[in-house]
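Asks: One structure, as structure tokens, below. Some questions next.
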Amino acid sequence: MANMKIERQAMPVQDPAVRCHNFEEVAQGYTKEQALAEASRCLHCKNKPCVGKCPVAVDIPAFIEKITEEDFEGAYQIIQKSSSLPAVCGRVCPQETQCESRCVRGVKGEPVAIGRLERFVADWHNAQSSVETASLPSNGHKVAVIGSGPAGLTCAGDLARLGYAVTVFEALHVAGGVLMYGIPEFRLPKAIVQREIDGLKAMGVRIETDMVIGKVLTIDELMEQGFEAVFIGSGAGLPRFMNIPGESLCGVYSANEFLTRINLMKAYRADSQTPIQHAKRVAVVGGGNVAMDAARCAKRLGADEVYIVYRRSEAELPARREEVEHAKEEGIVFKLLNNPVRILDDGSGNVGGMQCLKMELGEPDASGRRRPVPVEGSEFVLDVDAVIMAIGTSPNPLITSTTEGLETYRWGGIVAEEATGKTSRLGVFAGGDAVTGAATVILAMGAGKTAAKAIDFYIQKTKA
Ligand code: FAD
Ligand code: SF4
Ligand code: SF4
């Protein structure tokens, strides 16, 4: 019987005044008492509306019931059947638009905090157990996975469990994709991702870093080396720029470059070898999670003023609500309904300000959102010494341009069947951001799972 009197349990967080000077995790996780109280709010609805909105259909009421029984390992085992990265998804899934958006408790009040409970269970499991060295029986077949983000890691793990010899080829010097180089430590501690990677290695998955497929080796060469199928999970890491004057000045970064220097190469440490400008007044252009992450990192690097410059209004901000609130608490200033038109030179090739135009919202455009329209004569200069562009990314064309017969969309994404990940090249599968464009961790993970099943079917049918 659900407890209707208890309110949604607040997440304990680091004090904003303290956390904006460190890179430690902001949200600190539920205590056991909070998890039990939150789990007692679930109505265990028979038709499970929440499950229908989870892209991998985690059996939410079942795992929450196990929490109420204090069987946390039982809860973990239920989640694990559908999600291979629960500690990650519990932290970064946009639950408010997915599972929690359909929670019946949300109709008249606040939804059950499904993501926070998922995180609690995964953290509990990780604290109780160490990475096991499981020796799995081999089925004698070899598969190559390109990219070690959530799509590639999930595909590799599922195939390894089926007995495949899997090699993951990763372009960067560290595995993990956006989970390692993009999402900052204060939202997703890297030790959590590393644990997942160590688990895959313990299962026998080989991870070869510094291997840029399309340059060091092509897909054809991988197949000549005896890989019977290839999964492409190379993400969408190519940054977009606005093509406005001044974008090549010193002090203009893509969010990807800025975040990679900080997350992967620890630019915030005194002993880091990575050059990064510790600017005092920073403008971040964009309104998504990437923009919030870049702004909050700039603040932690010591900027006095950090602005989010976004051309629509607060209602249209694509970032998760929680990230927007956290950014505001940390003193990030939102310059909404503003659009940059030129980045100014300070006279020595560095950023010396950003010229913007004020905007107002007109009629809805093709995306259904109201179109921002410039307000005549509203130009002004924002006094900044660094600009970070966070206006989106697309797939890097390196793989598609070096692989014959791989069909792509005009915007660069790889064409792949949704139900299988099959591409137009026999034996080549793809999934995650490389196919959909920039999306979410859970969707990439789901695509990796789908493709692993299809690769197994393909190899067993054609090669066994
Ligand atoms: P990626 O994670 O991009 O991994 C692709 C990997 O392939 C990379 O490691 C790349 O180096 C490698 N690669 C690329 N080309 C090659 C090549 N030629 N050869 C070998 N390797 C190659 N999603 C959420 O759900 N919640 C969030 O809060 C959230 N925040 C985000 C914050 C930031 C800053 C960013 C950038 C993204 C965020 N996302 C978030 C989106 C999410 O991280 C991505 O949708 C997800 O990581 C996509 O997974 P993927 O495996 O397809 O690709
Ligand atoms: Fe919700 Fe994500 Fe967990 Fe699914 S995986 S239940 S969407 S937090
Ligand atoms: Fe529990 Fe909400 Fe799902 Fe109902 S919709 S089972 S209350 S989490």
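Asks: Six or more apart or on different chains, Cβ under 6 Å: which pairs go from a residue in the stretch 269-289 that's at pLDDT below 85 to one that's among the aliphatic types (A, V, I, L, M)? Could you list them?
Replies: Thr274/Met265; Thr274/Ala267; Ile276/Ala267; Gln277/Ala386; His278/Leu301
Residue-wise test of (1) open to solvent by less than 70 Å² (accessible area, probe 1.4 Å); (2) closer than 23 Å to Asp293 by Cβ; (3) more than 16 Å from ligand 3 (Cβ to nearest atom).
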site	(1), (2), (3)
Ile399	yes, no, yes
Glu404	no, no, yes
Ile414	yes, no, yes
Glu418	no, no, yes
Ser424	yes, no, yes
Ile442	yes, yes, yes
Gln460	no, no, yes
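Asks: What do you reckon, is Glu70 in the same structural domain as Leu117 (by TED's automatic domain parsing), among the charged types (D, E, K, R), closer than 21 Å to Asn126 by Cβ and at pLDDT 95 or above?
Replies: yes
Asks: Also, quick follow-up: Those residues that are within 16 Å of ligand 1 (Cβ to nearest atom) and without any contact (Cβ under 8 Å) to a residue 60 or more places away in the chain, I need them from the stretch 42-62; list them, please.
Replies: Within the stretch 42-62, Lys53 is the sole residue that qualifies.
Asks: Pick from the stretch 348-373 the residues that are of a type in the set (Gly, Ala, Ser) and open to solvent by 60 Å² or more (accessible area, probe 1.4 Å): which of them is farthest from Glu314 (Cα to Cα)?
Replies: Ser348
Asks: Cβ-Cβ below 7 Å, separation at least six or inter-chain, first residue in the stretch 438-464 and under 18 Å from Gly177 (Cβ atoms), second open to solvent by 70 Å² or more (accessible area, probe 1.4 Å) and in a helix (DSSP H, G or I): which pairs?
Replies: Short answer, once both residue conditions are applied: Leu443/Thr436.
Asks: Here is a follow-up. Taking Thr423 as the residue in question, decide whether it is in contact with a strand residue (DSSP E or B) (Cβ under 6 Å, 6 or more places away or on another chain), without any contact (Cβ under 8 Å) to a residue 60 or more places away in the chain and farther than 20 Å from Ser83 by Cβ.
Replies: Numbers: in contact with a strand residue (DSSP E or B) (Cβ under 6 Å, 6 or more places away or on another chain): yes; without any contact (Cβ under 8 Å) to a residue 60 or more places away in the chain: no; farther than 20 Å from Ser83 by Cβ: yes.
Here the answer is no, as Thr423 does not meet what is asked.
Asks: List the helices (runs of 4 or more DSSP H) that sit entirely inside the stretch 130-225 and contain at least 3 residues that are closer than 18 Å to Ala430 by Cα and at pLDDT 95 or above. Full working, then the answer.
Replies: Numbers: elements: 150-161, 178-181, 190-202, 219-224.
Helices (runs of 4 or more DSSP H) meeting the threshold: 150-161, 219-224.
Asks: Here's a follow-up. Could you say which residue among Ala438, Ala434, Ala366 is assigned to a loop (DSSP other than H, G, I, E, B) and touching a strand residue (DSSP E or B) at 6+ places or on another chain (Cβ under 7 Å)? Don't jump to the end; show me each part of the working.
Replies: On the way: Ala434 fails: assigned to a loop (DSSP other than H, G, I, E, B); Ala366 fails: touching a strand residue (DSSP E or B) at 6+ places or on another chain (Cβ under 7 Å).
Sole residue among the options that is assigned to a loop (DSSP other than H, G, I, E, B) and touching a strand residue (DSSP E or B) at 6+ places or on another chain (Cβ under 7 Å): Ala438.
Asks: Across the stretch 22-46, which residue is farthest from ligand 2 (Cβ to nearest atom) among those that are part of a loop (DSSP other than H, G, I, E, B) and closer than 19 Å to Gly109 by Cβ? Spell out the reasoning first.
Replies: Applying the first criterion (part of a loop (DSSP other than H, G, I, E, B)) to the stretch 22-46 yields 22-26, 28-31, 40-46.
After this cut, where a residue has to be closer than 19 Å to Gly109 by Cβ as well, the list is 30, 40-45.
Numbers: Tyr30: 14, Ser40: 18, Arg41: 15, Cys42: 12, Leu43: 16, His44: 15, Cys45: 14 Å.
Ranking the qualifying residues of the stretch 22-46, first place goes to Ser40.
Asks: Out of Ser101, Ser138, which single residue is surrounded by fewer than 24 Cβ atoms within 10 Å (Cβ to Cβ) and touching a strand residue (DSSP E or B) at 6+ places or on another chain (Cβ under 8 Å)? Please lay out each step first, then the result.
Replies: Values: Ser101 fails: touching a strand residue (DSSP E or B) at 6+ places or on another chain (Cβ under 8 Å).
Result of the check over Ser101, Ser138: Ser138.
The rows are residues; the columns are (1) under 23 Å from the mean Cα position of the chain (by Cα); (2) open to solvent by 10 Å² or more (accessible area, probe 1.4 Å).
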| residue | (1), (2) |
| --- | --- |
| Pro239 | yes, yes |
| Tyr268 | yes, yes |
| Arg281 | no, yes |
| Ala294 | yes, no |
| Val309 | yes, no |
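Asks: Residues being among the aliphatic types (A, V, I, L, M) and more than 20 Å from Thr31 (Cα to Cα): count how many of those fall in the stretch 69-105. Show your work before the answer.
Replies: Start the filter on the stretch 69-105 by keeping residues that are among the aliphatic types (A, V, I, L, M), which leaves 75, 78-79, 85, 87-88, 92, 104.
Next, from what is left, pick out any that are more than 20 Å from Thr31 (Cα to Cα): 78, 85, 104.
Summing the residues that are among the aliphatic types (A, V, I, L, M) and more than 20 Å from Thr31 (Cα to Cα) in the stretch 69-105 gives 3.
Asks: Please go through the stretch 47-70 and pick out each residue that is assigned to a loop (DSSP other than H, G, I, E, B), more than 12 Å from ligand 2 (Cβ to nearest atom) and either acidic (Asp, Glu) or open to solvent by less than 50 Å² (accessible area, probe 1.4 Å) (or both).
Replies: Glu69, Glu70, listed by residue number.
Asks: Of all residues in the stretch 1-21, count the ones that are free of Cβ contacts under 8 Å to residues at least 40 places away in the same chain, assigned to a loop (DSSP other than H, G, I, E, B) and open to solvent by 40 Å² or more (accessible area, probe 1.4 Å).
Replies: Selection size over the stretch 1-21: 8.
Asks: Looking at the stretch 412-429, can you tell me whether even one residue there is in a helix (DSSP H, G or I) and more than 16 Å from ligand 2 (Cβ to nearest atom)?
Replies: No: zero hits.
The values are calculated or read from the model by the stated rules, or taken from the named source; none is laboratory data. Worth saying up front: this structure is predicted, and the values here are computed from it rather than measured. As a convention, Cβ positions derive from the backbone with ideal geometry for all residues, glycine included, and neighbour counts pool all protein chains shown. Accessible surface areas use protein heavy atoms only, side chains included; no ligands, DNA or RNA. Shrake-Rupley method; radii C 1.70, N 1.55, O 1.52, S 1.80 Å.
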